[in-house]
Amino acid sequence: MKKLSKKAINPKKSPTEFFKPNQPGSTIHSFRTTMNQPSFSAQTSTLAFKKIHPSPDFQPRANFPDSPSSLSLNYPFIKTFIKPLTAFITLFFILATLIAITSPKAFASQCQTQPLFPKTTQASPPPSPSPQKKVALALRANPHPPIINGRLNDPAWEHGDWYTDFVQFHPYEGQTPTEQTAFKILYDENNLYIAVRCYDSKPETIERRLSRRDNLSGDYVMIFIDSLHDLRTSFCFGINAAGVKADQLLSNDSFDYNKADFSWDPIWEAKAAVDEKGWTAEIKIPFSQLRFTTKGEQIWGLQIWRELFRKGETSLWQPIPRKAPGWTSQFGELRGMTGLKPPRQIELMPYVVGKLRSYPSEPGNPFLTGSQKSLFGGLDGKIGLTHDLTLNFTLNPDFGQVEADPSEINLTAYETYFEEKRPFFVENQNITNFQITGGDGDFSYDNLFYSRRIGRAPQIYPATSGYYSIPTSTNILGAFKLSGKTRNGWSIGAMEAITSREMASTFDPGTGIYGREIVEPLTNYFAFRLSKDYRQGATVVGTMFTAVNRDLEGRAEEVLHRSAYSSGFDLYHSWKNRQYYFSLKLVGSGVFGSEEAIKRTQLSSAHYFNRPDARHLTFDPTRRSLYGHGGSINFGRLGGSRLMFSTGATWRSPGLELNDMGFLRYADVVMQHFWIGYRFFKPFSLFRSLNLNFTQWSGWNFGGERIFAGGNVNSWAQFKNYWSLSFGINRQFTALSQSFLRGGPLLRVAPATNYWSFLQTDGRKKLRLALQGQWRKADNNDSFNLSLGPQITYVPAPSFNLSLRPSYSIFRSELQYVGKVNYGAEQRYLVGKINQKTASMVVRLNLSLTPDLTVQFYGMPFISAGKYSRFKMITQPRAKEWTERYHLFGDDQINYNEWAGIYQVDENRDGQIDYYFRNPDFNFLQFRSNLVLRWEYKPGCTLFLVWSQARTDFGYSGLLDFGSDITSLFKTKPDNVFLLKFSYNFDL
């Protein structure tokens, strides 16, 4: 809420736009740095769930290119890579040796306790490619169910056998663990009971770390259950020696952090205790939290994972080779349960929220009075429609405890992808996930469903020169999710959400008239996903459909689509014990609306149909619809060998449009990619494990022009002193950028080389240090990027930890886009030299009073400044010679009007101003913090106390003065929000 003026900065209309790392002329930041409007709750936050399984092995995912970046094949590809590759290998092993000798005691200790090339013993034979599946039997609880106290002293545990024979998974696969583990399983009509005994010859060294739920560390165990026995889906329940619980849902036979659902929060009980033999855990899982069939004897997949913290050692009950092509499909089996009837699950969780906001008032602005109070409520629920299908719903949801998006300065033409953090949409998000392209580059974000579209900030600003008040997010009236998997292998997912019509209040101080304008229409979102497993999940065929329908009126018809639809088909087929795979994904889209709305879509950064040199594109301002297609095809080997690979292609036709309900960075592109990786699973020489990777890619537009090409080599290693190091080199060849001139002709961009590295000390220590850095330079010196980000983590006590993560980056470029102006019948694309510096500090503090009562603090001061000079206009954007691509304005052609804040250009030197543009220099300062107390006073019932603070300031000097900027930032009056949220779970 603010008064518009000529110098007002509108986050949606800012002339500064962000360049993505590895894009031509872009900045490479270790964090995002851009001015952006607040998301769902700019004043409140929560910490994202943490990975609860340590994974020294990176999943084999192709490192696809981040954006169109380069191509020049005037000399052989391999020859170009020889020098960087040689430097990479040499530098990597030099660093490895230095790291090893920095902790000679630890290294010597490791060498003495484990041979460099360990031999297997008769008692612990090496695992076969397909280890025989173990079987555990569950017994009925007798004479009564055990009381959950973590001590295993209940008479119920006197019956049945203990299952042992765990084997190492990491670091010495297949060998006998340092400490043994045993478990036993009981059941009754309603619950599954699990007892775990973790033997430890040095119980005084057991690491008992308190933390918030889903943040496991220290010594812990995890129980994986495939109750559907589909060999693809597993429910994970974890507990550490301090009694902290964690849970997650794994799908698609994967143990990949990026695909796990950490927001899944079932209601279950667990306790832990330490004694002279080690430590014990006792777990009670209601059958209502699992999914299974009604057949006679239950056969479930089962895996038990034990983490021995001080040794960095992982052991499993069911041996799984590190090179196995899957996870859930490799589990052992749990048998013996009969007569079970899946209970009908009905959970209702009403909540009430009280909120007090205090912020700087503005004289004369009726909407900025200095304070606001509100009291409201809502309802969340979960209903088991059948034993196969579950309905989740939320009415008038509140996400006040969810952490706001990080600060950033956006200098690209593209929209920034933000992670979903709202619990309702994160939970079971795999159901509606239709990722078009795998990997972890920009293409991997493209998806038919992007839940951040639901409840987004209003997309229309009121047409007023006075004061206005606009909601920071669209109110979600209600949302429903249907999910489940049948005994025949059908997976069903559907989501329906309705967002309200949002109005902006306006006030004209000249006339004293109040008004209201629509800034977001009433909108319905729908998504449906259906897939079928064949060959026990080795082959999967699926489809998806999405629809967005809006009730448009007024200006909304000129801005938004009336309706938007997309559909997809996917096939995944694996063979030879799931080692090899083939995948195919096809998508299509259609959007419909007024001529003005479709025109805006054609001119948007995802399409740029108006590019003057794009002969394969036709810009039609009279269109009322737009259609497109896309997809990907891949083949590879992801298991059964140390050597893995993946190759394929992905494409987006010029008319593909997904951004009403999905996410599409840009269209009009075809990319070919190849990835190969080699894994050293067993410790050798200096290493506990080592991964090596190579990636190559090339891309074209639909006009047949090659627009980028490149490749990289990278590696990750953990040493025997528990330090870890990753290092990589990225080479990008000459590119033709489709977005640099924002709808103008393609611009030739120089080749560049990028180096990056990450170093981390022993993660078991109380004091942990890390350092990451990136360095990028174009061959013709027109752009340069440098970023450094150290991190300090201190754990003085098991219940407390502090993390500091400062970061600093420099970005310089001779060609940074400034704007476009008309000069007679021609257009001028203006660029300038930018010198941008950015500094930030992320502070996190975690205090766990009990496993159910935690306090967390998050704070982030952020400052960024960009200074422009040497303004130019593009003349021959495809010229091979660097200096022929632009004309540098002379002193007699450009003049700065300080009073008006604009640059005036006399291009033809006739003494008359031909055109002008505003001063693009910027300073952006922001501080965001959250203090959250969370108390789970009863399983499934929570109390939140939240204090959030935000401070934002702007400037126009373009110079970064850290001391002065920080002082100025904290002199800015804060915007404080105090929130109390109380919820109670009724299990009916």
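Listed highest first by mean packing, meaning other Cβ atoms within 10 Å per residue, what order do 267-280, 427-440 come in?
Order by mean packing, descending: 427-440, 267-280.
Please state the equivalent ellipsoid semi-axes for the range 164-210: what are the square roots of 5 times the Cα gyration tensor eigenvalues, largest first, in whole Å?
25, 17, 10
For n ≥ 4 DSSP H runs only, could you compute -39500 (n - 2.57) per run for the chain, divide by its residues and tell me the 222 nm figure to the nearest 500? Walk me through the intermediate numbers first.
Details: 6 runs with 63 residues, N = 988.
That calculation yields -2000 deg cm²/dmol at 222 nm.
Counting only the backbone N, which residues of the range 602-641 are under 11 Å from the spot 7 Å out from the Cα of Glu595 toward its beta-carbon?
Zone members listed by number: 621-624.
Return the equivalent ellipsoid semi-axes of the range 380-446 as a descending list in whole Å, where each equals the square root of 5 times an eigenvalue of the C-alpha gyration tensor.
Over the Cα atoms of the range 380-446, the ellipsoid semi-axes are 30, 19, 8 Å.
Report the Stokes-Einstein translational diffusion coefficient (µm² s⁻¹, integer) for the range 132-283, Rh taken as the Kirkwood radius over Cα pairs, at 10 °C with viscosity 1.306 mPa s.
It comes out at roughly 96 µm²/s.
Using the Kirkwood radius built from alpha carbon pairs, what does the Stokes-Einstein equation give as D for the range 836-988 at 25 °C and 0.890 mPa s, in µm² per second?
Calculated translational D: 121 µm²/s.
Out of the range 843-929, which trypsin sites (Lys or Arg not before Pro) are coil in DSSP terms and have no more than 13 other C-beta atoms within 10 Å?
Passing both the DSSP loop test and the Cβ count: Arg878, Lys880, Arg909.
Would you mind checking which residues have amide H under 5 Å from Val818's amide H? H placed 1.01 Å from N; only 5 or more apart, or other chain.
The answer is Leu830, Val831, Gly832.
Solvent-accessible area per residue for the chain at a 1.4 Å probe radius, Å²?
Accessible area per residue: 40 Å².
For the chain, what % of the accessible area comes from carbon and sulfur atoms, probe 1.4 Å?
56 percent
Note the direction-averaged projected area, equal to a quarter of the hull surface, for the Cα convex hull of the range 189-240, in nm².
The Cα convex hull of the range 189-240, projected and averaged over all directions, gives 5.4 nm².
If N is the number of residues in the range 582-701, what value comes out of its Cα radius of gyration divided by 2.2 N^0.38 Å?
Working: Rg = 20.2 Å, N = 120, 2.2 N^0.38 = 13.6 Å.
That ratio works out to 1.49.
What is the spin-label model distance, in nm, from Leu943 to Thr850 if the labels are put 7 Å beyond Cα along the C-beta direction?
The two pseudo-label positions are separated by 1.1 nm.
Provide the packing ranking of 173-181, 365-373, 739-747, i.e. peptides ordered by the mean count of other C-beta atoms within 10 Å per residue, highest first.
739-747, 173-181, 365-373
Kirkwood hydrodynamic radius, the range 339-415, all distinct C-alpha pairs: what's the number in Å? It would help to have the intermediate numbers written out before the result.
Details: mean 1/r = 0.0578 Å⁻¹.
Computed over Cα pairs of the range 339-415, the Kirkwood hydrodynamic radius comes out at 17.3 Å.
Quick one: work out Rg over Rh on the C-alpha atoms of the range 634-695, Rh as Kirkwood radius. Please report the intermediate quantities before stating the final value.
Details: Rg = 17.6 Å, Rh = 14.5 Å.
Taking Rg over the Kirkwood Rh, I get 1.22.
With θ set to phi - 60°, apply the Karplus curve 6.51 cos²θ - 1.76 cosθ + 1.60 along the range 182-199 and write out the HN-Hα couplings as whole Hz, x wherever there is a Gly or Pro.
9, 8, 9, 10, 10, 7, 9, 5, 10, 9, 10, 10, 10, 10, 10, 10, 9, 5
From zero outward in steps of 10 Å, how is the percent of C-alpha pairs of the range 486-548 spread across the bins?
17, 25, 18, 15, 11, 8, 5, 0
Quick one: angle between helix 104-113 and the longest Cα principal axis of the chain, in degrees between 0 and 90, rounded to 10, please.
40 degrees
Tell me, in nm to one decimal, what length is gained between Lys341 and Ala825 on full extension, where the rule is 0.36 nm per residue of separation less the Cα-Cα distance? Before the final figure, lay out each step's value.
Details: separation 484, 0.36 × 484 = 174.24 nm, distance 7.66 nm.
Residue separation times 0.36 nm, minus the Cα-Cα distance, leaves 166.6 nm.
Once each part is reduced to its C-alpha centroid, what is the distance from the range 215-250 to the range 791-828 in angstrom?
Between the Cα centre of the range 215-250 and that of the range 791-828, the gap is 37 Å.
Lys382: which aspartates and glutamates have alpha carbons under 13 Å from its alpha carbon, excluding same-chain residues fewer than 8 sequence positions away?
Asp265, Glu347, Glu427, Asp987
Which of Lys134/Lys532; Lys184/Lys341; Lys421/Lys765 have a Cα-Cα distance over 24 Å? Provide the component values of the computation, followed by the final result.
Details: Lys134/Lys532 28 Å; Lys184/Lys341 22 Å; Lys421/Lys765 30 Å.
Lys134/Lys532; Lys421/Lys765, as the Cα separations exceed 24 Å there.
Using a 7 Å offset from the Cα along the Cα-to-Cβ direction at both Ile147 and Lys973, what is the distance between the two label points in nm, to one decimal?
According to this spin-label approximation, the distance is 5.9 nm.
How much length is gained on full extension from Lys532 to Asp256, taking 0.36 nm per residue of separation minus their Cα-Cα distance?
Details: separation 276, 0.36 × 276 = 99.36 nm, distance 2.16 nm.
Stretched fully, the Lys532-Asp256 segment lengthens by 97.2 nm.
Please work out the Kirkwood hydrodynamic radius for the chain, using every pair of different C-alpha atoms, and report it in angstroms with one decimal place.
Mean inverse Cα-Cα distance, inverted, gives 30.4 Å.
For an R0 of 41 angstrom, estimate the FRET efficiency from the Cβ-Cβ distance between Ser685 and Ser201 and round to the nearest 0.05.
With a Förster radius of 41 Å, E is 0.90.
Alpha carbon centre of the range 759-786 versus the range 141-201: separation in Å?
Each part's Cα centre sits 44 Å from the other's.
Set the Förster radius R0 to 25 Å, insert the Cβ-Cβ distance between Glu419 and Leu771 as r into 1/(1 + (r/R0)^6), and round the FRET efficiency to 0.05.
Approximately 0.55, to the nearest 0.05.
Helix 77-102 against the longest principal axis of the chain: what's the angle in degrees, Cα atoms only, rounded to the nearest 10?
The angle comes out near 50 degrees.
How do Ile383, Ile902 rank by accessible surface area computed with a 1.4 Å probe, from largest to smallest?
Ile383, Ile902
Along the charge dipole of the chain, pointing to its positive end and built from +1/-1 on Cβ of Lys, Arg, Asp and Glu, which listed residue (Leu216, Ser685, Ile874) has its Cα farthest out?
The Cα lying farthest towards the positive end belongs to Ser685.
If R0 is 51 Å, what FRET efficiency do you get for Gln876 and Leu584 from their C-beta distance, rounded to 0.05?
FRET efficiency, Gln876 to Leu584: 0.75.
With each label point set 7 Å from Cα along the Cα-Cβ vector, what nm distance links His616 and Glu269?
Label at His616, label at Glu269, 6.4 nm between them.
The values are calculated or read from the model by the stated rules, or taken from the named source; none is laboratory data. Just so it is clear, the structure is predicted and the values come from calculations on it, not from any experiment. Ideal geometry is used to build each Cβ from the backbone, glycine not excepted, and the neighbour counts take in all protein chains shown. For accessibility, only protein heavy atoms count, side chains too; no ligands or nucleic acids. Shrake-Rupley method; radii C 1.70, N 1.55, O 1.52, S 1.80 Å.
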